[in-house]
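Enquirer: Before we start, here is the structure in question, set down as structure tokens.
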Amino acid sequence: MEELSGDAGLVARSQAILSTGVDGVLTIDSAGIIGSVNPALRDLFGYEADELLGQNVSLLMEDAIARHHDGYIAAYLHTGERHVLGTGREVMGKKKDGTLFPFYLSVAEFVLEGRVYFTGFIHDLSMLRAAESKALQLQTAVDASEDGVLVLDGAQRVLYCNRASEAFTGASAGELTGAAVDWDFLSSAIQTSLTDALEAGRSWIGRHILRRAGHVPRQMEIRLVPSPSPEQSGARFIVMFHDISQQSQLESQLHAIRKLEVMGAYAGGIAHEFNNILQVIRGFASIAASDVEEESPVGQCLREIRKAGDRLAHLADHIDSLNPGKNRVWPPAPLRDLVAEDIRLLRNALPVGARIHLESEGAIPPITTAASLLHQLMMHLVAYAAHRLPEKGASVRIRLTPFLPGPAWRQLHQDAICSHLVRIQFGFNCEMAEEETSSHLHDPLHTARHATPASHSLSMAAAVVAALHGVIEVASGADRSTMVAVYFPVSPVAELPEKRSKPKDCPRLGVIMFVDDEENLAEMVRMTLGGAGHEVEVYYDVNRALTAFGREPSRYALIISDLVMPGFGGDHLAREVGRSPVSVPVILSSGHFSRLQEVYRDVKTIVDTLPKPFDGHRLLQVAAEYVSLPPGARKANRPG
């Protein structure tokens, strides 16, 4: 205990008692001058002893009190009226660095050699107040939480409950607090499981559908957690109720999406096999038609078979579009023709007598899309119109225009990646609902909460547009109509490779090698090319084809191979042929258009692609580019 001069015995006793104390202690005289301080006080305020001794005690007070402190001492000495003496109170102190902190001050008075002195005992409240503030923040957060919280003692009586717990338990805070919880709002199976966990003192998680009369059923998750410090708080368990209705709905949607993805992949495989079979039917029908008169009964029947085959090919394209393959690329499609066809197919879905007007401005360039996906877009927009259009006087206007986006449009749609676009504008004479605005179309939470049949159809249309790397806008027209604008890139997202130049010596004499694991298809190709006078060799797997090629590569003028086959595929065949000193062009065929383009870019031996399904005319055109017919070959036997 440092001090100014004084009685030696008092100093010794003071040092023995106070020098090791955890609370700060100081003495002042009647003028407020500090006479002694203990080490704890020095540490608390951040001063050295010689910086305090002889200074006015107001140095350690916040300014609002410091300026009046000497007056408080004088008033007490004059009147004897006590304010702090013998009672104590909480005040704010000021450290050397100016930081304010709370402490509890109690003051004692003593007289020494006829003079009045005061001893101040200072207990730091900083940690206590910080803990209280943290506890208050925590309680405020728990009180404001949408999750219900119950704190239970060992007898399962409620020590604390927040407001949200009332909605889950069906009881008010007054009814819950101090009482044992009635778990009757839970199913019997959940009650049994929960009470078993309470009796065992272990953690537990369960799910329950809460059903109350007049309320929408709520899916909730219940968590039981043992208290981390039951001895201090008396709390043994914390029970939390969390509404997972929306989460469960999203999980169900995700599960449905995954099922659709699996179905889509399966549908893609079916479409691939379907195309192979369909191609055989169409090919043999063409071969048969080449030997009969077109207007004869048999010729007419074969023509109808081919027409039905064209329709089935379109259907296969629709099925294949369900396959959620990524980074898909499609061949260019004539937009106006596709839209006109879809209008014809979907007209009956609109109200009776609905007027549909299609117009275009300027030359409409083709867009890169699958016809089936554009059909899906039209189908969803027509479904939207069917829900929104009036029963009488319904009208739909569709306008196609080339579109060159300006700075304002680019700023609004920064994800758009193409500078040249085609715009399709749909005008419906119906008023747009709030949930159908552009900002809500891609928001799954908003769609799930506020979905109507019309808004759902519009959201599905937006999903198709996104899959085609396009942009969709929805707005209200001046005449209380709804305007939907769809923008598609003229150029594909991944540029389609240009056809490579054919070798200088083409067309040339030689054998055409055809490789495909579909025996019927291979036979159809052999008959089509052979019937036109070409010499054809057919192989059903890549290994046999490479063996034949290796024996005499110069025999072959052209190789046509399927891309996807058991074991090695057409890409492996093309690479191996490319290693030969004899240059032989390879044409790759497949119904997987995007995969076909990808391999075409990578393998330079491939000079062209032949997407499936192809007809006899296309097959003969490709063959004629690279292979010359031998002298005297029949040229009349070509598919019609």
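Enquirer: Taking segment 559-586 only, how many residues are under 16 Å from V603 (Cα atoms), touching a residue at least 40 places away in the same chain (Cβ under 8 Å) and open to solvent by less than 50 Å² (accessible area, probe 1.4 Å)?
Expert: 7
Enquirer: Also, I was wondering about something else. Can you tell me which residues in segment 376-412 are loosely packed, with under 14 Cβ neighbours inside 10 Å and on the phi < 0 side of the Ramachandran plot?
Expert: P390, E391, K392, L404, G406, P407, A408, R410, Q411, L412
Enquirer: Kindly indicate which of D505, D517 is assigned to a loop (DSSP other than H, G, I, E, B) and modelled with pLDDT of 90 or more.
Expert: One residue alone meets the criteria, D517.
Enquirer: Do you know which residues across segment 85-144 are open to solvent by 70 Å² or more (accessible area, probe 1.4 Å), within 21 Å of S58 (Cβ to Cβ) and of a type in the set (D, E)?
Expert: Those that are open to solvent by 70 Å² or more (accessible area, probe 1.4 Å), within 21 Å of S58 (Cβ to Cβ) and of a type in the set (D, E): E90, D97, E109.
One line per residue, one yes/no per condition, for (1) outside any loop (DSSP other than H, G, I, E, B); (2) open to solvent by less than 20 Å² (accessible area, probe 1.4 Å); (3) among the hydrophobic types (A, V, I, L, M, F, W, C); (4) farther than 25 Å from S229 by Cβ:
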site	(1), (2), (3), (4)
Y160	yes, no, no, no
E166	yes, no, no, yes
A189	yes, no, yes, yes
T195	yes, no, no, no
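Enquirer: Could you tell me which of the residues A235, A200 is out of contact with any helix residue (DSSP H, G or I) (no Cβ under 8 Å at 6 or more places or on another chain) and open to solvent by 40 Å² or more (accessible area, probe 1.4 Å)?
Expert: A200
Enquirer: Now for a separate question. Answer yes or no as to whether E473 is at pLDDT below 90 and within 30 Å of I364 (Cβ to Cβ).
Expert: Spelling it out, E473 is indeed at pLDDT below 90 and within 30 Å of I364 (Cβ to Cβ).
The values are calculated or read from the model by the stated rules, or taken from the named source; none is laboratory data. This structure is a prediction, so every number in the text was calculated from the model and none was measured. Neighbour counts run over all protein chains shown; Cβ positions are idealised from the backbone, glycine included. Just so you know, the surface numbers come from the protein's heavy atoms only, side chains and all, with ligands and any DNA or RNA stripped out. Shrake-Rupley method; radii C 1.70, N 1.55, O 1.52, S 1.80 Å.
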